Every structure is written in C-alpha cells, then in structure tokens.
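Inspection log for the structure reproduced underneath, given as structure tokens.
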Amino acid sequence: MSYAADVTIIGAGVVGLAIAAEISKGDKQIYILEKNDTFGQETSSRNSEVIHSGIYYPANSIKAATCVEGNALLYQLCQEYGVEHKNLTKLVVATCDEEIGEIEALLKKGQANGTPGLKIIPKSEIEKMEPNITALAALYCPTTGVVDSHGLMQCFIAIATRNDAHIAYRAEVTAIEKTADGYRVTAANDDETFTFNTRVIINCAGLHSDKVAALAGIDVDEAGYRLHFCKGEYFSVGNGKQKLVSRLVYPVPPVKTTGLGVHVTLGLDGRMRLGPSVEYVNSIEYSVDIKKKQMFFDSAKTFLPFIEYDDLEPEMAGVRPKLQGPDEEYRDFIIQQESDKGLPGLINLIGIESPGLTASPAIARYVTAMVKPLL
C-alpha cells in the first residue's frame with residue numbers, strides 16, 4: 001500500500017493533534033500515525049489537566065512563551081468550541097517565612113514571562129478566599145484553570161479531520177528513510193506493514209520521541225535528545241473534604257523544577273486530587289504505590305490542616321518524558337527542524353512534558369510557521 005503525504009505527524013497526543021488541527025487549515029495532505037488503539041493514551045490523558053499560567057519557566061524559554069500564549073489560546077478555543085473547562089485560579093502558598101522570598105521570585109519570573117494578573121496576597125486575604133488552608137502569604141494566579149483534556153483532543157481531531165487530515169491508529173512507525181525530496185516512512189498496523197513517502201515529518205511521539213528521532217538517523221545521546229521516564233502518582237481526597245477548597249493550591253516548587261511539588265488540583269467534577277509525585281523509572285507502567293500515601297499526607301498536611309490520613313486513596317499515575325535526569329538542571333522543550341543534521345523537513349519535538357497541554361495550541365502555531373517554508 002502506498003500513500004503520498006505533504007506532512008506526517010507521528011503521535012496523536014494533545015500536541016500532535018493540535019498541530020494537525022492548525023496545519024491542516026492549509027491545502028495539504030496530512031497524515032497522523034498513532035501506535036495505540038486511539039488518541040491520547042499516554043501522557044496526554046494521565047495528568048492533572050491544569051491550564052498553567054506560565055510562572056515556573058525561565059524568561060525567553062520555549063516553555064514560557066508557549067505556555068503564556070497557549071493559556072490565552074486555550075481559553076479562546078474552549079469557549080469557541082464548547083470544550084469543558086473552568087478558570088478556577090490558583091494559589092502558590094508560602095507556609096514559612098523562608099518561602100515568602102520564593103513566591104516573590106516566582107512573581108518576578110511570571111511577570112517577566114508576561115503572565116497577567118499575578119499578585120502576592122497576605123494571610124488575611126487568603127483566609128477570605130480559602131479559609132480552610134494554612135499559609136502566611138500566597139502568589140495568586142488568576143489565569144490558572146482546568147480543562148477536559150479528552151474533550152480538547154476530540155476538538156482538535158474534529159478540526160483536523162474536517163480539513164481532510166487522516167488518522168491511522170495501531171500504526172507504529174518502524175523505519176524512516178531519507179529520500180531525495182522527503183522521507184519514506186514504514187509503519188506496522190496489526191500484522192501488516194505499509195510504506196509511503198512524505199515531504200515533512202513532525203515527531204510528536206511523546207514518551208517515544210527520542211526513539212523516533214533515532215529511527216531517522218539521529219544519535220540521540222550526541223544531540224541531547226535522550227529521554228528519562230519520570231513517574232507521577234496521584235491520590236484522591238474523599239470523605240467530603242474535596243468541598244473545603246475552591247481553587248488549585250500549590251506549594252513552593254522544589255529547586256530543580258523536576259516537579260512542582262505535591263499540590264491540590266480539582267477536577268471538572270469537583271473531585272480533589274493530590275499529586276503528582278516525582279520518581280524516575282526505567283519502564284512505563286501506571287500502578288500507584290500505596291506505600292507513598294504517608295508522603296502525600298505529610299506533604300499536603302503542611303497547608304491543608306483538615307486532611308486526615310484516611311481521606312486519601314490511590315487514584316492514578318502518569319509518566320512524563322523528561323530531558324533532564326535526576327538532579328539535573330532545567331531543560332527546555334526541544335522543537336527543532338533538523339536541517340543542520342542533514343535532515344531537512346524533519347521536525348522533532350522532544351521532552352514535551354508540562355506545560356505541554358496548556359502550550360499545545362501555541363506549539364501548533366510555532367511548528368506550523370516552521371513547516372511553511374518546507375512545502
């Protein structure tokens with residue numbers, strides 16, 4: 001079986017689908033290949049579904065720029081297409097004097113990134129907003145919210161397929177060969193394989209994006225593309241306690257920014273979750289370790305005095321595709337058109353973890369601008 005495509009997107013997670021929706025607005029032949037049975041089966045559907053505001057990332061980084069732009073675009077898109085979401089807002093709380101300086105630093109970082117409406121609020125104002133939490137001061141983030149990630153991905157699919165993009169599920173890419181004017185892609189579908197030529201490849205394979213880059217001939221260690229699996233587990237809060245907080249509540253994040261600390265998120269159904277934890281792992285699996293319950297309880301108790309140990313139950317886990325390993329410094333998203341590696345027309349997106357969900361519509365615009373000169 002032989003096909004000819006202008007653009008082939010590998011991976012039907014939220015970022016790949018956002019790109020498909022954006023790039024298909026032109027008159028192009030677009031194919032999306034997804035190795036799983038359906039869309040968004042990995043990182044895109046195993047996260048806190050938070051619409052981030054852009055306070056955690058260094059100025060001028062891709063993460064900062066796409067998060068702040070994506071935040072505004074995401075709210076617009078949700079309103080236009082009826083994707084369920086809530087602008088809950090967020091407090092990043094300081095529970096001791098030493099942490100007040102840290103939320104002030106976050107305020108400056110967010111302001112440098114262009115995050116609107118940020119302000120430090122005192123204990124008296126916190127008590128009015130959230131009388132059941134403990135904090136000396138907090139950074140108030142008015143643009144933070146939550147979104148139905150599944151509904152968002154369905155929206156992107158609807159836009160893309162309306163524009164004649166095509167999605168193939170159970171289609172795992174097994175080979176990528178450079179040709180004179182593009183690439184020959186081989187994929188396995190159940191017991192069959194198929195090969196087709198494409199002018200541009202966009203690698204949005206998430207947890208497997210480094211492997212796809214390697215299929216194209218890139219030395220992922222030399223390029224700095226090697227991914228690390230970082231597992232995050234969540235516990236739900238029951239016994240009616242979920243009604244005692246009305247917005248997202250985060251602690252001051254750890255220094256290395258490997259994660260944002262065990263924080264409180266509220267689902268669109270009002271359910272409260274604590275998480276995610278941070279644990280580097282060697283393989284992808286989604287069990288929740290009940291032994292971590294004490295750690296979750298101890299972490300949350302510092303700012304949620306009403307939490308009791310028996311309120312917590314294991315809920316879910318996800319795995320992040322991180323570029324930085326344990327105790328390593330911050331790494332930005334890699335969004336790279338690989339002409340300098342002798343692979344023009346190959347665009348790699350590597351290490352697209354948080355805030356990838358929020359950033360997805362902005363990343364889509366960023367990548368579309370890279371593709372236009374190639375076609």
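Before moving on, here are some points about what is shown:
- Tally, over region 1-42, of residues that are among the small types (G, A, S) and either closer than 18 Å to K372 by Cα or surrounded by fewer than 21 Cβ atoms within 10 Å (Cβ to Cβ) (or both): 9
- Scanning region 159-175 for residues that are closer than 25 Å to A214 by Cα and either among the basic types (K, R) or part of a helix (DSSP H, G or I) (or both) returns a single hit, R170.
- Residue list for region 291-348, restricted to those being in contact with a helix residue (DSSP H, G or I) (Cβ under 6 Å, 6 or more places away or on another chain) and part of a loop (DSSP other than H, G, I, E, B): F306, I307, D332, F333, G345
- Subset of region 176-200 [surrounded by 14 or more Cβ atoms within 10 Å (Cβ to Cβ) and either among the small types (G, A, S) or assigned to a loop (DSSP other than H, G, I, E, B) (or both)]: G182, A187, A188
- Here the condition is being surrounded by fewer than 20 Cβ atoms within 10 Å (Cβ to Cβ), assigned by TED's automatic domain parsing to the domain that holds L136 and touching a residue at least 24 places away in the same chain (Cβ under 8 Å); of G240, G275, G217, G267, it holds for G267 alone.
- Extreme residue, farthest from Q76 (Cα to Cα), among residues of region 325-356 that are crowded, with 18+ Cβ neighbours inside 10 Å and in contact with a His (Cβ under 8 Å, 6 or more places away or on another chain): S354
- Within region 153-171, considering residues that are of a type in the set (A, V, I, L, M) and touching a Phe, Trp or Tyr at 6+ places or on another chain (Cβ under 9 Å), the one surrounded by the fewest Cβ atoms within 10 Å (Cβ to Cβ): A158
- Count of residues meeting criterion [out of contact with any strand residue (DSSP E or B) (no Cβ under 6 Å at 6 or more places or on another chain) and either at pLDDT 95 or above or closer than 30 Å to K372 by Cα (or both)] in region 325-342: 7
- Selection status of L248, in contact with an Asp or Glu (Cβ under 6 Å, 6 or more places away or on another chain) and surrounded by 20 or more Cβ atoms within 10 Å (Cβ to Cβ): no
- Evaluation of H208 against (1) surrounded by 16 or more Cβ atoms within 10 Å (Cβ to Cβ); (2) of a type outside the set (A, V, I, L, M, F, W, C); (3) touching a Lys or Arg at 6+ places or on another chain (Cβ under 6 Å); (4) assigned by TED's automatic domain parsing to the domain that holds A359 (one fails), failing number: (3)
This table checks each residue for (1) in the same structural domain as N348 (by TED's automatic domain parsing); (2) of a type in the set (A, V, I, L, M, F, W, C); (3) touching a residue at least 60 places away in the same chain (Cβ under 8 Å).
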| site | (1), (2), (3) |
| --- | --- |
| S299 | no, no, no |
| T302 | no, no, yes |
| P305 | no, no, yes |
| L312 | no, yes, yes |
| E315 | no, no, yes |
| G318 | no, no, yes |
| I335 | yes, yes, yes |
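- Considering region 76-95, the residues that are among the aliphatic types (A, V, I, L, M) and over 17 Å from K119 (Cβ atoms) include one that is surrounded by the most Cβ atoms within 10 Å (Cβ to Cβ), namely L77.
- Condition met for A188 (assigned by TED's automatic domain parsing to the domain that holds P344 and free of Cβ contacts under 8 Å to residues at least 60 places away in the same chain): yes
- Residue count, region 81-130 (criterion: more than 16 Å from H263 (Cβ to Cβ), acidic (D, E) and at pLDDT below 95): 2
- Taken as a whole, region 114-122 holds at least one residue that is in a loop (DSSP other than H, G, I, E, B) and buried (at least 23 other Cβ atoms within 10 Å of the Cβ).
The values are calculated or read from the model by the stated rules, or taken from the named source; none is laboratory data. Owing to the predicted nature of the structure, the values given are computational and were not obtained by experimental measurement. Note: ideal-geometry Cβ built from the backbone for every residue, glycine included; neighbour counts use all protein chains shown.
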